[in-house]
1. When you look at A217, is it in contact with a strand residue (DSSP E or B) (Cβ under 9 Å, 6 or more places away or on another chain), in the same structural domain as W247 (by TED's automatic domain parsing) and away from the ligand (no atom under 13 Å from the Cβ), yes or no?
2. Across region 294-317, which residue is nearest to V53 (Cα to Cα) among those that are modelled with pLDDT under 95 and loosely packed, with under 11 Cβ neighbours inside 10 Å?
3. So Y145 ticks every box in (1) away from the ligand (no atom under 16 Å from the Cβ); (2) in contact with a Ser or Thr (Cβ under 7 Å, 6 or more places away or on another chain); (3) at pLDDT 90 or above; (4) part of a helix (DSSP H, G or I) but one. Which box is left unticked?
4. Every residue in region 164-187 that is crowded, with 22+ Cβ neighbours inside 10 Å and modelled with pLDDT of 80 or more, please.
5. What pairs can you find where one residue is in region 62-82 and in contact (Cβ under 8 Å) with a residue 60 or more places away in the chain, the other is of a type in the set (F, W, Y), and their Cβ atoms are less than 6 Å apart, with a gap of 6+ or different chains?
Amino acid sequence: MPSEPHPLTIPLLAGNRRALARAITLVESTRPEHEAQAQALLAQVAAHAGRSVRIGLTGVPGVGKSTFIEALGLRLVDAGHRVAVLAVDPTSARTGGSIMGDKTRMPGLTVHPHAFIRPSPSGGTLGGVARRTRETLALCEAAGYDTVLVETVGVGQSETHVAAMTDVFVLLTLPNAGDELQGIKRGIMELADLCVVNKADVDPAAAVRAQTELRTALTLLAPHGAVWRPVALRASARTGEGLAEVWAAVEAYLRVTDVAARRRAQTAAWFDDLLRESAWRAFQAGIDPARLSSVRSRVQAGALTAVQGVAALLAPE
Ligand code: GDP
């Protein structure tokens, strides 16, 4: 059924920043009437989304993520790109405050007319924060941003969400600490398409050693027959050294990778996640809690197997 366009649709598609900011606020709202409006708006702009390079970026606090995004982002806007920077911050989901929300971290990009920076949505579950970031990404694309950087703190969980919404995933590391010391989990290394030893200016020899170690680790992790073998590079976000090579590696990755197929798989997985979550919520809303806990107790006591318990609950009373 055709519907009136949402009042933000036309200015958003024209690249109006205020309209984009208001659309994001709508998407972040938890009020039910806003949610319906947000979904209508997202559906109206969907055909104009999807035209950016989506880059995920992670690394422990202090590794230099903001400095790196500022330096890389400024190079990109200077080259004529329009760059959006978003964040998924697990601490914002827990505490309602964001450790990555401070705009002063990227002073040059913050004031640049072709850059748009949005801190992590706060509050709700990490899954909710990730969903709102994914929707914000689509809005930024519809508003004409051709490069979107999604940043997250490399401390677990949130990386998977960011890797699942981006085309290429970059891990920043430090030159002078082993992987264990840096708290880099094997799972995060497995997500990385590109590893960058940042702060190479501080101790160049250590950076070369760290790069060699990373290369070895990535070779061991790389799946057989993959078209892209994750690479390890060195850079300095402070001096700008190595940033051209990082961008060249991103472009090389995009040349050999079927990004459209990656996105289709991501969308299907996301849909399945949402469906699982909604189906569980609908089930909980429709069941007598006493019945659920009674069946759970019988499973615990061994009177029913878990499979029998589930079948009993799903059968009509
Ligand atoms: P984040 O927590 O990962 O966002 O890290 P920041 O970008 O805030 O950087 C943490 C500190 O490291 C800041 O004082 C930066 O100036 C510094 N820093 C970041 N990148 C580099 C680099 O390449 N070289 C040097 N020497 N310092 C850097």
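1. yes
2. L314
3. Every listed condition holds for Y145 apart from (4).
4. Once the filter is applied, which keeps residues that are crowded, with 22+ Cβ neighbours inside 10 Å and modelled with pLDDT of 80 or more, region 164-187 yields M165, T166, V168, F169, V170, L171, L172, T173, L174.
5. Here the result reads R82/Y145, each pair linking region 62-82 to a residue that is of a type in the set (F, W, Y).
The values are calculated or read from the model by the stated rules, or taken from the named source; none is laboratory data. These numbers come from a predicted model, not from an experiment. Ideal geometry is used to build each Cβ from the backbone, glycine not excepted, and the neighbour counts take in all protein chains shown.
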